[in-house]
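Novice: One structure, as structure tokens, below. Some questions next.
The values are calculated or read from the model by the stated rules, or taken from the named source; none is laboratory data. As the structure is a computational prediction, the values presented were derived from the model and not from experiment. In this analysis, Cβ positions are derived from the backbone assuming ideal geometry, glycine residues included, and neighbour counts consider all displayed protein chains. All accessible areas refer to the heavy atoms of the entire protein, side chains included, with ligands and DNA or RNA removed. Shrake-Rupley method; radii C 1.70, N 1.55, O 1.52, S 1.80 Å.
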Amino acid sequence: MDKARPAFEPGGKLHAFRSVYDGMDTFLFTPRETSKSGVHIHDSMDSKRTMTIVIVALLPCLLFGMYNCGYQHWLACGATDFPFWEMMLYGFLAILPSIVVSYVVGLGIEFCVAQWRNEEIQEGFLVTGILIPMICPIETPLWMIAVATAFSVIFVKEVFGGTGYNIFNVALVTRAFLFFSYPAKMSGDNVFVSHDSILGLGGMAPDGFTGATPLGQVAVSGAQSASELSGAMTDLSGKAIDLWQMFLGLIPGSFAETSTLCILIGAALLLATGIASWRIVLSVFAGGAIMSLIAHWCATPTYPASFLTVGEQLCLGGFAFAAVFMASDPVTSCRTNTGKYIYGFLVGVVAILIRTYNNGYPEGAMLAVLLMNALAPLIDYCVVEANVRRRMRRVPARK
């Protein structure tokens with residue numbers, strides 16, 4: 001890399017691609033440049049290291065998603081034998097094309113924009129690129145992922161100035177774009193379980209097979225009581241799903257959102273390293289738990305999801321994943337400590353409200369986080385203004 005540097009410096013024959021060279025160099029190695037004047041704080045935790053830690057925290061969810069993808073496929077095919085490594089390989093091959101498409105499209109756009117603006121290439125998309133396939137159903141067509149990724153990177157990130165300037169979470173906007181543009185491919189019974197064999201692995205799911213998520217089953221169950229609702233949530237073999245299965249994640253759902261256990265492992269790493277705010281994560285779960293209790297106390301057959309217990313609400317769907325990896329995004333969340341409590345609490349409350357009282361949309365976490373992304377600056381403003389007023393009252397009046 002050092003030998004090639006002169007060609008990319010001003011005056012070199014490849015100087016037009018300086019930002020591309022710089023992006024590769026800083027990704028592979030620690031830059032040698034140091035500050036020559038002024039006062040600077042040197043910290044080992046730069047954006048590249050931050051993104052690397054987040055990716056490591058996502059690995060438990062990614063690995064479990066590969067296993068669960070294969071497991072659900074084997075169940076759909078009516079198998080009685082579940083070979084671990086074959087299921088893992090099947091899940092890896094199923095998600096790999098989506099990851100490749102996400103990175104190629106997103107990084108390609110970021111490289112082009114950096115060239116056009118003559119700026120450095122930021123590392124923000126390293127996390128976004130892997131989040132996008134992880135929060136989408138496994139059967140999402142690749143061309144849809146490419147279109148949605150391009151839309152989000154251009155109109156949600158780059159037009160605002162790039163990494164650190166976007167007001168909405170880029171990965172969640174990608175999913176929202178897919179959900180509202182291609183709802184048939186983002187909801188229903190046929191999108192959360194892989195149907196076809198891959199390179200001879202697995203089999204073919206029978207025609208007419210359905211693999212609805214537990215929340216999807218709840219929405220159409222018509223349950224009149226909590227006991228009826230428990231019987232309505234079944235796995236692909238027809239057996240009832242209990243809370244332990246929900247916590248482990250051996251259920252249909254978006255690729256990496258099903259296992260609360262793996263999400264909590266990732267949360268422990270993010271909190272221990274200070275990457276995620278414990279105030280936000282704790283407040284999201286607190287808001288979701290309180291709203292779940294209220295909904296359960298006021299349960300009515302009109303809204304079957306209101307019969308779900310607190311544990312079921314927190315473990316099902318993308319709630320836990322959104323609490324740990326989406327709501328805690330430092331770019332799109334609140335900055336003030338008090339604001340973080342308010343922001344996280346409202347994310348939890350709104351997610352359960354949408355999930356429980358909208359039978360046509362049996363989720364809620366995605367829209368809750370995006371709504372609070374929009375309100376985060378207002379929350380911070382109100383907190384700062386309240387603090388200013390409180391301090392002004394302590395200032396003695398001038399005579």
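Novice: Residues in the stretch 110-123 that are assigned to a helix (DSSP H, G or I), surrounded by 18 or more Cβ atoms within 10 Å (Cβ to Cβ) and not aliphatic (A, V, I, L, M): how many?
Specialist: 1
Novice: Now for a different question. Hey, Asp196 hits all of (1) part of a loop (DSSP other than H, G, I, E, B); (2) in contact with a Leu (Cβ under 6 Å, 6 or more places away or on another chain) but one; which does it fall short on?
Specialist: In the conditions (1) part of a loop (DSSP other than H, G, I, E, B); (2) in contact with a Leu (Cβ under 6 Å, 6 or more places away or on another chain), Asp196 misses (2) alone.
Novice: Consider Ala256 carefully, then state whether it is in contact (Cβ under 8 Å) with a residue 40 or more places away in the chain, within 23 Å of Pro133 (Cβ to Cβ) and within 20 Å of the chain's Cα centre (by Cα).
Specialist: yes
Novice: Find the residue count for the stretch 333-371, including only residues that are assigned to a loop (DSSP other than H, G, I, E, B), among the small types (Gly, Ala, Ser) and surrounded by 23 or more Cβ atoms within 10 Å (Cβ to Cβ).
Specialist: Residues flagged as assigned to a loop (DSSP other than H, G, I, E, B), among the small types (Gly, Ala, Ser) and surrounded by 23 or more Cβ atoms within 10 Å (Cβ to Cβ) within the stretch 333-371 amount to 2.
Novice: Do you know which residues across the stretch 284-318 are modelled with pLDDT under 95 and over 22 Å from Ala223 (Cα atoms)?
Specialist: Scanning the stretch 284-318 gives a single hit, Gly318.
Novice: Counting just the residues of the stretch 226-235 that are surrounded by fewer than 23 Cβ atoms within 10 Å (Cβ to Cβ) and among the hydrophobic types (A, V, I, L, M, F, W, C), which one comes out farthest from the chain's Cα centre (by Cα)?
Specialist: Ala226
Novice: Okay, next question. Given the criteria part of a loop (DSSP other than H, G, I, E, B) and of a type in the set (A, V, I, L, M, F, W, C), does Val284 qualify?
Specialist: The answer is no for Val284.
Novice: Looking at the stretch 140-153, can you tell me whether even one residue there is within 19 Å of Thr258 (Cα to Cα) and at pLDDT below 90?
Specialist: no
Novice: Being part of a loop (DSSP other than H, G, I, E, B) and modelled with pLDDT of 85 or more is the filter here, so list the residues in the stretch 181-193 that pass it.
Specialist: Tyr182, Val191, Phe192, Val193
Novice: Also, I was wondering about something else. Given the criteria of a type in the set (Lys, Arg) and over 18 Å from the mean Cα position of the chain (by Cα), does Arg389 qualify?
Specialist: yes
Novice: Separate question: Against the definition (of a type outside the set (Asp, Glu) and open to solvent by less than 30 Å² (accessible area, probe 1.4 Å)), how does Val56 come out, yes or no?
Specialist: no
Novice: Sticking with this structure for a sec: Among the numbered conditions (1) buried (at least 20 other Cβ atoms within 10 Å of the Cβ); (2) more than 28 Å from Tyr182 (Cα to Cα); (3) hydroxyl-bearing (Ser, Thr, Tyr), tell me where Ser102 comes up short.
Specialist: Going through (1) buried (at least 20 other Cβ atoms within 10 Å of the Cβ); (2) more than 28 Å from Tyr182 (Cα to Cα); (3) hydroxyl-bearing (Ser, Thr, Tyr) one by one, Ser102 breaks only (2).
Novice: Those residues that are assigned to a helix (DSSP H, G or I) and either touching a residue at least 40 places away in the same chain (Cβ under 8 Å) or within 14 Å of the chain's Cα centre (by Cα) (or both), I need them from the stretch 158-168; list them, please.
Specialist: Residue satisfying the conditions is Glu158 alone.
Novice: Right, another one. Going through Ala305, Ala320, Ala374 one at a time, which residue ends up being assigned to a helix (DSSP H, G or I) and open to solvent by 10 Å² or more (accessible area, probe 1.4 Å)?
Specialist: Going through Ala305, Ala320, Ala374 in turn, the sole match is Ala374.
Novice: Right, next: Pick from Ala171, Ala176, Ala212, Ala148: which is assigned to a loop (DSSP other than H, G, I, E, B), open to solvent by less than 30 Å² (accessible area, probe 1.4 Å) and among the aliphatic types (A, V, I, L, M)?
Specialist: Result of the check over Ala171, Ala176, Ala212, Ala148: Ala212.
Novice: Check Leu126 against each of (1) among the hydrophobic types (A, V, I, L, M, F, W, C); (2) open to solvent by less than 10 Å² (accessible area, probe 1.4 Å); (3) at pLDDT below 95 and name the one condition it does not meet.
Specialist: So the condition that Leu126 fails would be (2).
Rundown of residues vs (1) loosely packed, with under 15 Cβ neighbours inside 10 Å; (2) at pLDDT 90 or above; (3) assigned to a loop (DSSP other than H, G, I, E, B), yes/no style:
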| site | (1), (2), (3) |
| --- | --- |
| Gln224 | yes, no, yes |
| Ser237 | yes, no, yes |
| Glu257 | no, yes, yes |
| Ala268 | yes, yes, no |
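Novice: Sort through Leu89, Leu107 and tell me the only one that's in a helix (DSSP H, G or I) and either in contact with a Lys or Arg (Cβ under 9 Å, 6 or more places away or on another chain) or closer than 30 Å to Gly238 by Cβ (or both).
Specialist: The unique qualifying residue is Leu89.
Novice: Can you confirm whether Pro330 is open to solvent by 30 Å² or more (accessible area, probe 1.4 Å), within 17 Å of the chain's Cα centre (by Cα) and either at pLDDT below 95 or not hydrophobic (A, V, I, L, M, F, W, C) (or both)?
Specialist: Criteria met by Pro330.
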